[in-house]
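Comments concern the structure below.
The values are calculated or read from the model by the stated rules, or taken from the named source; none is laboratory data. All values reported here derive from a predicted model rather than from experimental measurement. Heads up, the Cβs are rebuilt from the backbone with ideal geometry, glycines too, and the neighbour counts pull from every protein chain shown. Heavy atoms of the whole protein, side chains included, go into the accessibility calculation; ligands, DNA and RNA do not. Shrake-Rupley method; radii C 1.70, N 1.55, O 1.52, S 1.80 Å.
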Amino acid sequence: MVDPDAQKTDAYQSNRNLVLSESAEANSLPGLEIQANDVRCTHGATTSRIDPEQEFYLRSRGLRPAEANELLIFGFFEEALNRLESEEIHAVLRGILERHLKK
């Protein structure tokens, strides 16, 4: 939300999605609420599967397919996890992700 007093605001809203299964889907709906009239607010969304070229690169360096996928998935989520202020919450969420990937 951009408050009425927040003139000259320059903001960007991003939504990135990584689709990990055939049945998964992502529906992005930007939620910009702008109450000021002198602002620049934009948004963008991306949705994709694991990039086969990135997976090939990791596999060509000796990683097994599961290891390559795990590394790429962790890299995707780590960007968001690193924004958390709480190290404890970061560790808990990282543990959940690790357990899910090891299944």
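Inside the stretch 53-96, can you point out the residues that are of a type in the set (D, E), open to solvent by 80 Å² or more (accessible area, probe 1.4 Å) and within 23 Å of V19 (Cβ to Cβ)? Walk me through it before giving the result.
Within the stretch 53-96, the first condition is being of a type in the set (D, E), and the residues that meet it are 53, 55, 67, 70, 78-79, 85, 87-88.
Retained after the next criterion (residues that are open to solvent by 80 Å² or more (accessible area, probe 1.4 Å)): 53, 79, 85, 87-88.
Hits for the stretch 53-96 are E53, E79.
Show the residue pairs meeting these rules: Cβ distance below 8 Å; 6+ apart or different chains; first residue within the stretch 12-28 and more than 20 Å from E79 (Cα to Cα) and without any contact (Cβ under 8 Å) to a residue 60 or more places away in the chain; second residue in a loop (DSSP other than H, G, I, E, B) and open to solvent by less than 50 Å² (accessible area, probe 1.4 Å).
E25/V19
Evaluate the following for A26: is it surrounded by 10 or more Cβ atoms within 10 Å (Cβ to Cβ) and touching a Pro at 6+ places or on another chain (Cβ under 9 Å)?
When the stated conditions are applied, A26 does not pass them.
Restricting attention to the stretch 36-52, and to residues there that are open to solvent by 90 Å² or more (accessible area, probe 1.4 Å) and closer than 30 Å to T9 by Cβ, which single residue is modelled with the highest pLDDT?
R40
Test each condition in (1) in contact with an Asp or Glu (Cβ under 6 Å, 6 or more places away or on another chain); (2) loosely packed, with under 11 Cβ neighbours inside 10 Å for Q7 and report the one that comes out false.
With (1) in contact with an Asp or Glu (Cβ under 6 Å, 6 or more places away or on another chain); (2) loosely packed, with under 11 Cβ neighbours inside 10 Å applied to Q7, the lone miss is (2).
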